[in-house]
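The values are calculated or read from the model by the stated rules, or taken from the named source; none is laboratory data. This one's a predicted model, so the numbers in the text were calculated from it and none came from an experiment. Counting neighbours? That spans all protein chains shown, and the Cβs are built from the backbone with ideal geometry, glycine included.
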């Protein structure tokens, strides 16, 4: 009886792992390193809860200060292994394309490898900067329990709103940014 139960548990575990693997994006086409490279701008004002923090930019590997640069900022925590992050990536990119002139976006690849993250950014054609945070300093500092997570940060570094539930859309990001920052976005 125990062997049958163990076999059933093993089969269920294998099925669950297979389902997760099917949802993960392929890491490029196997033709070398990813070519994605978006440079990070230095953020001058530290974010409350995070403080003065420097992380490696995913685009060029250079150290980048994490903070705001005079305008509100969406800090988007994501990882390649996070299914909801994959679903939200096109929505966040669309928000950035529509409103990036008024609200900055900083991606934070969390608890992940730089190479996998660069493939993810390339596969989803991300045009906003992202940093690598393998030790989860930003997630922990902001008190975000799990991925995905989005912090709406005022220009002065104050966290105005946290979104910790998956399912962000371009419309919901726009509405929350308008409310959190007192903006009227087109």
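Is it true that some residue in the range 111-123 is surrounded by 16 or more Cβ atoms within 10 Å (Cβ to Cβ) and in contact with a helix residue (DSSP H, G or I) (Cβ under 7 Å, 6 or more places away or on another chain)?
There is no residue in the range 111-123 that is surrounded by 16 or more Cβ atoms within 10 Å (Cβ to Cβ) and in contact with a helix residue (DSSP H, G or I) (Cβ under 7 Å, 6 or more places away or on another chain).
Anything in the range 42-78 that is over 20 Å from residue 158 (Cβ atoms) and in a loop (DSSP other than H, G, I, E, B)? List them, or say none.
Taking the range 42-78 and keeping what is over 20 Å from residue 158 (Cβ atoms), we get 54-64, 78.
Listed by number, the residues that qualify are 58, 59, 60, 61, 62.
From the list 63, 72, exactly one residue is surrounded by fewer than 16 Cβ atoms within 10 Å (Cβ to Cβ), in contact with a strand residue (DSSP E or B) (Cβ under 9 Å, 6 or more places away or on another chain), farther than 21 Å from residue 147 by Cα and modelled with pLDDT of 95 or more. Which is it?
Numbers: 72 fails: surrounded by fewer than 16 Cβ atoms within 10 Å (Cβ to Cβ).
Answer to the check: 63.
Of the residues 148, 186, only one is touching a residue at least 40 places away in the same chain (Cβ under 8 Å), surrounded by 22 or more Cβ atoms within 10 Å (Cβ to Cβ) and in contact with a helix residue (DSSP H, G or I) (Cβ under 9 Å, 6 or more places away or on another chain); which?
Details: 186 fails: surrounded by 22 or more Cβ atoms within 10 Å (Cβ to Cβ).
That would be 148, the only listed residue that is touching a residue at least 40 places away in the same chain (Cβ under 8 Å), surrounded by 22 or more Cβ atoms within 10 Å (Cβ to Cβ) and in contact with a helix residue (DSSP H, G or I) (Cβ under 9 Å, 6 or more places away or on another chain).
Which of the helices (runs of 4 or more DSSP H) found entirely inside the range 81-186 contain at least 3 residues meeting this: under 23 Å from residue 48 (Cα atoms) and under 16 Å from the mean Cα position of the chain (by Cα)? Write out each step before concluding.
Values: elements: 83-99, 114-123, 137-142, 170-181.
Here the list reads 137-142.
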